[in-house]
Amino acid sequence: MPAEKLIFAQSVEALFVRALGPHLTREGRQNLKAVGLDLSEPLRPHYTVEQWRGFLRVAARDVYPALPPHEACFELGARYLQGFRQTAVGRASMSLVTQLGPLRTLERVPYNVRAGNNFNEVRVEESTQDSATLWMKDVTADNPYFAAGFLAETLRCAGAGQVQVEPIAFDGTAATFRLTWARVAARRTPAVYRPGA
């Protein structure tokens, strides 16, 4: 086990540069700088998980000031994955996700999560064709809703519909989630009318 929990620069880039960059206010950027993230300079190779949590608190208040904290965190989690899809690693990873479908995509989440930090573990504990229970060792936030937003957006990217992700246990660090989704029918090629056919 590493001595210090570190979040890699690609995670910071995904959320704070790519996804939130245009939405952060000047005050929000100043507040991020005050807690250790200066977006006017090149990113460091890594940040501590405590710094990351501070960054999330600032961003939630700045980008989603009208939302309750758990809803703001959920939105940040979804935005994280949207930003990750814009990175080189994310483009490659997410192009595969669109082909795998929801269940097989969830089985890849442990690898995707570990690409962003040096400490996390994820297990799919049980699954059916339209539901799963997933355990995450460290939600890297003050509550489990950032991870819930990330998981929900992952399922949506994999073609799931009517996605619901609910934390069912949280000990302050680790969480268990119940995920459900509707199967989306395969897209049919639309019929084309051809005169004389």
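Taken as a whole, the structure places ARG57 among residues that are of a type in the set (Lys, Arg), part of a helix (DSSP H, G or I) and within 22 Å of PHE119 (Cβ to Cβ).
Residues in the range 13-59 that are of a type in the set (Phe, Trp, Tyr) and closer than 13 Å to LEU76 by Cα: PHE16, TRP52, PHE55.
A Cβ distance below 9 Å, combined with a sequence gap of six or more or placement on separate chains, defines the contacts here; from the range 93-104, residues that are buried (at least 16 other Cβ atoms within 10 Å of the Cβ) reach residues that are part of a helix (DSSP H, G or I) and of a type in the set (Phe, Trp, Tyr) in the pairs SER93/PHE84; SER93/TYR111; MET94/PHE84. Checked against (1) farther than 27 Å from GLY161 by Cα; (2) of a type in the set (Asp, Glu); (3) open to solvent by less than 70 Å² (accessible area, probe 1.4 Å); (4) part of a loop (DSSP other than H, G, I, E, B), ASP62 passes all but condition (4).
The numbered conditions (1) closer than 25 Å to GLN86 by Cα; (2) in contact with a Leu (Cβ under 7 Å, 6 or more places away or on another chain) are all true for TYR111 except (2).
The residue list VAL97, VAL109, VAL165 contains one member that is of a type in the set (Val, Ile, Thr) and at pLDDT 90 or above, which is VAL165.
So which residues in the range 39-59 are under 25 Å from ASP138 (Cβ atoms) and open to solvent by 20 Å² or more (accessible area, probe 1.4 Å)? LEU39, LEU43, ARG44, PRO45, HIS46, THR48, GLU50, GLN51, ARG53, ARG57, listed by residue number. The set of residues in the range 65-83 being under 21 Å from GLY36 (Cβ atoms) and either surrounded by 17 or more Cβ atoms within 10 Å (Cβ to Cβ) or without any contact (Cβ under 8 Å) to a residue 40 or more places away in the chain (or both) consists of ALA72, CYS73, LEU76, GLY77, ARG79, TYR80, GLY83. Considering the range 17-31, the residues that are touching a residue at least 60 places away in the same chain (Cβ under 8 Å) and in a helix (DSSP H, G or I) include one that is nearest to LEU81 (Cα to Cα), namely ALA19.
The values are calculated or read from the model by the stated rules, or taken from the named source; none is laboratory data. Everything numeric in this text was worked out from a predicted model, so none of it was measured. Glycine gets a Cβ as well: all are built from the backbone with ideal geometry, and neighbour counts include every protein chain shown. To get the accessible areas, we keep the full protein, side chains included, count just its heavy atoms, and leave off ligands, DNA and RNA. Shrake-Rupley method; radii C 1.70, N 1.55, O 1.52, S 1.80 Å.
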